[in-house]
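Take a look at the structure below.
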Amino acid sequence: QVQLVESGGGLVQAGGSLRLSCAASGGSFRIAIMGWYRQSPGKQRERVAIITSGGTTNYADSVKGRFAVSRDNAKNTVYLQMSSLKPEDTAVYYCNAYINLSTYWGQGTQVSVSS
């Protein structure tokens with residue numbers, strides 16, 4: 001069973017930076033498509049960024065140029081570096097893994113950006 005544990009969330013002022021981490025265990029991390037999603041109160045969960053096993057990345061338009069997703073296969077960890085944060089980035093951020101036609105989610109980490 002794949003387990004995902006996020007860390008790195010917190011409270012930051014607008015314009016600041018945070019780095020989220022997601023440690024994976026119990027699965028074939030190297031072949032997984034890893035992603036970061038977020039959900040704000042009253043809104044649907046939205047995809048923020050994904051990274052394939054080969055390192056190809058894709059970002060939501062709202063975070064392009066500000067966020068960067070990366071992975072370290074030796075550590076079974078995926079990262080989300082967030083810069084130039086805005087109040088509208090406030091949300092619970094979830095790590096996602098897609099492996100062998102199955103999807104797994106972490107428990108989420110809160111990111112709050114004050115104006």
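The values are calculated or read from the model by the stated rules, or taken from the named source; none is laboratory data. Just so you know, these numbers come straight off a predicted model, no measurement behind them. We place every Cβ from the backbone using ideal geometry, glycine too, and count neighbours over all the protein chains shown. For accessibility, only protein heavy atoms count, side chains too; no ligands or nucleic acids. Shrake-Rupley method; radii C 1.70, N 1.55, O 1.52, S 1.80 Å.
Here are the numbers for the structure shown:
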{"quantity": "Residues being under 13 Å from Phe67 (Cβ atoms) and of a type outside the set (S, T, N, Q) - total across segment 17-37", "calculated": "6"}
{"quantity": "Check on Thr52, open to solvent by 30 Å² or more (accessible area, probe 1.4 Å) and more than 23 Å from Ser115 (Cβ to Cβ)", "calculated": "yes"}
{"quantity": "Residues of segment 1-20 that turn out to be open to solvent by less than 90 Å² (accessible area, probe 1.4 Å), part of a strand (DSSP E or B) and within 12 Å of Trp105 (Cβ to Cβ), as a count", "calculated": "3"}
{"quantity": "Residue that is farthest from Gly54 (Cα to Cα) [pool: residues in segment 76-99 that are polar (S, T, N, Q) and either in contact with a helix residue (DSSP H, G or I) (Cβ under 8 Å, 6 or more places away or on another chain) or open to solvent by less than 20 Å² (accessible area, probe 1.4 Å) (or both)]", "calculated": "Asn96"}
{"quantity": "Qualifying residues in segment 1-22 (those that are hydrophobic (A, V, I, L, M, F, W, C) and touching an Asp or Glu at 6+ places or on another chain (Cβ under 8 Å)) - the one nearest to Ser112 (Cα to Cα)", "calculated": "Leu20"}
{"quantity": "Candidates Ser53, Ser102, Ser115 - the one that is farther than 17 Å from Leu20 by Cβ and touching a Pro at 6+ places or on another chain (Cβ under 9 Å)", "calculated": "Ser115"}
{"quantity": "Residue list for segment 30-56, filter: aliphatic (A, V, I, L, M) and out of contact with any Gly (no Cβ under 6 Å at 6 or more places or on another chain)", "calculated": "Ile31, Ala32, Ile33, Met34, Val48, Ala49, Ile51"}
{"quantity": "Total residues in segment 61-75, condition out of contact with any Gly (no Cβ under 9 Å at 6 or more places or on another chain) and either among the β-branched types (Val, Ile, Thr) or crowded, with 21+ Cβ neighbours inside 10 Å (or both)", "calculated": "2"}
{"quantity": "Matching entry among Thr103, Thr57 (being open to solvent by 50 Å² or more (accessible area, probe 1.4 Å), without any contact (Cβ under 8 Å) to a residue 24 or more places away in the chain, closer than 27 Å to Ser25 by Cβ and under 13 Å from the mean Cα position of the chain (by Cα))", "calculated": "Thr57"}
